[in-house]
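Participant: Encoded as structure tokens, here's the structure I'll be asking about.
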Amino acid sequence: MKALVTGGAGYIGSVVTQALLEGGHKVVVYDDLSKGHRGAIAPDAELVVGDIGDRATLDSTLRDGRFDGVLHFAASIEAGESMVVPEKFFRNNTANTLSLLELMLEHRIPRFVFSSTAALYGDPERTPIEESDTLHPTNAYGESKLLVERMLEWFHRIHGFRYVSLRYFNAAGATDRLGEDHHPESHLIPIVLDAAAGKRGSVSIYGTDYPTPDGSCVRDYIHVSDLAAAHLLAFERLGKDELPERLIYNLGNSRGFSVREVIATAAKVTGKEIRFQESPRRAGDPATLVASSQKIRQELGWQPKHADLGAIIESAWRWRRAHPNGYGKA
């Protein structure tokens, strides 16, 4: 099949693009390169440089591309920032996705894989979280994604729109060629590795009084290659028959690690001292987010291959040592 990958020059989108190509599919990456990197795009993928909010460029790309489906990663992702400028997230994540969906209907593109998030669950009622649990985001980032999921449900109900929404937890790790290079960086593991590499003085632990074993937030970390494998399975599942589909899956390893545990594991992996400082809680941070991924394991046969936190961090550390300046020039 032929896929359009929005945000395909970004961290997760680039790894998914590579997985699609290795699976025998054709890929066009649509990215404005404001957060993504040209060097992260697979050589066999075509690139269209465009903003997801540029309806005219997006329209012409979808009209001319003859796509079998879209995998959508183009979004603002910093949950903390969403509690300062929520309007940016509702514009980019919600309104721009609506424009994309409208154009997909207009051009009769039949399959959509949505990059959703565990932030939809807010402070969960139970752990591990299941797909049927209550959705009540505690930050504007999660709310902006939840609004898209609600739109998708109505599009499915009224138009028979076929989609998969993948609610993943904390993406981490790297492949040999592709890794995490955000500016500014907001994800814990690369921040911790920056401290190990001497690029920052310390790591902040935001909140030390959460109802967790050591007082710091607990998260479920999933290797980016395992995420990519799930996207490939979902995209191919939507192409197997003509019946309308609406699929929602959590993606995680069903095991949580605290911020303090991540720091300690990274220190062990790198052999470096990692200084940290205790800071106040950030607005909108739930105490614990751990996924039940039984549904996608049973229905699509997905099986994570990189469940060990040490192995996930080691892969990210290996990429960072090979790319000390990220995708920038040495």
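Participant: I'd like to know which of Ile263, Ala172, Pro184 lies farthest towards the positive end of the charge dipole of segment 119-268, counting +1 on Cβ of Lys and Arg and -1 on Cβ of Asp and Glu.
Facilitator: Pro184
Participant: Okay, moving on. Glu273 versus Arg321, label points 7 Å from Cα toward the beta carbon: distance in nm?
Facilitator: For Glu273 paired with Arg321, the spin-label model returns 2.1 nm.
Participant: Sticking with this structure for a sec: Based on DSSP H runs of at least 4 residues, each adding -39500 (n - 2.57), what is the mean residue ellipticity at 222 nm of the chain after dividing by all its residues, to the nearest 500 deg cm²/dmol?
Facilitator: Numbers: 11 runs with 119 residues, N = 330.
Result for the chain: -11000 deg cm²/dmol, rounded to the nearest 500.
Participant: Please give the charge dipole size of segment 183-330, origin at the Cα centre, charges +1 on K and R Cβ atoms and -1 on D and E Cβ atoms. Round to the nearest 20 debye.
Facilitator: Values: 20 positive and 17 negative charges, 100 e Å.
Dipole about the Cα centre, nearest 20: 480 debye.
Participant: From the Cα trace of segment 33-157, what convex hull volume per residue do you get, rounded to a whole Å³? Could you put the intermediate results ahead of the total?
Facilitator: On the way: hull volume 16.6 nm³, N = 125.
Given the Cα convex hull of segment 33-157, per-residue volume reads 133 Å³.
Participant: Moving to a separate point now. May I ask you to list the GluC sites (Glu not before Pro) in segment 173-250 that are in a DSSP loop and have at most 11 other Cβ atoms within 10 Å of their Cβ? If you can, show how the numbers build up before the last one.
Facilitator: Values: sites: Glu180, Glu185, Glu236, Glu242, Glu245; in loops: Glu180, Glu185, Glu242, Glu245.
Here the GluC sites (Glu not before Pro) that fit, given the DSSP loop and packing criteria, are Glu242.
Participant: Among rounded, prolate and oblate, which fits segment 260-303 when a ≥ b ≥ c are the square roots of the eigenvalues of its C-alpha gyration tensor, a/c under 1.5 means rounded, and a/b larger than b/c means prolate?
Facilitator: oblate
Participant: Going by how many other Cβ atoms sit within 10 Å of their own, how do Ser186, Ser204, Ser116 line up, fewest first?
Facilitator: Details: Ser186 12, Ser204 15, Ser116 24.
Listed from fewest to most nearby Cβ atoms, that is Ser186, Ser204, Ser116.
Participant: Using the alpha-carbon centroid of each, what span in Å lies between segment 176-202 and segment 91-161?
Facilitator: Spelled out, the Cα-based centre of one part sits 29 Å from the other.
Participant: Continuing with this model, one more query. Going by how many other Cβ atoms sit within 10 Å of their own, how do Arg157, Arg55 line up, fewest first?
Facilitator: Arg157, Arg55
Participant: Would you mind ranking Ser14, Ser99 by Cβ crowding within 10 Å, fewest neighbours first?
Facilitator: Values: Ser14 31, Ser99 15.
In increasing order of surrounding Cβ atoms, one gets Ser99, Ser14.
Participant: Seen from all sides and averaged, what is the projected area of the convex hull of the Cα atoms in the chain, in nm²? If you can, show how the numbers build up before the last one.
Facilitator: Numbers: hull surface 62.2 nm².
Mean orientational projected area (the chain, Cα hull): 15.6 nm².
Since every read-out is calculated from the coordinates, none of them should be taken as a lab result. What you see is a predicted model; the values in this text were computed from it and never measured. All Cβ positions, glycine included, derive from the backbone under ideal geometry; neighbour counts span all protein chains shown.
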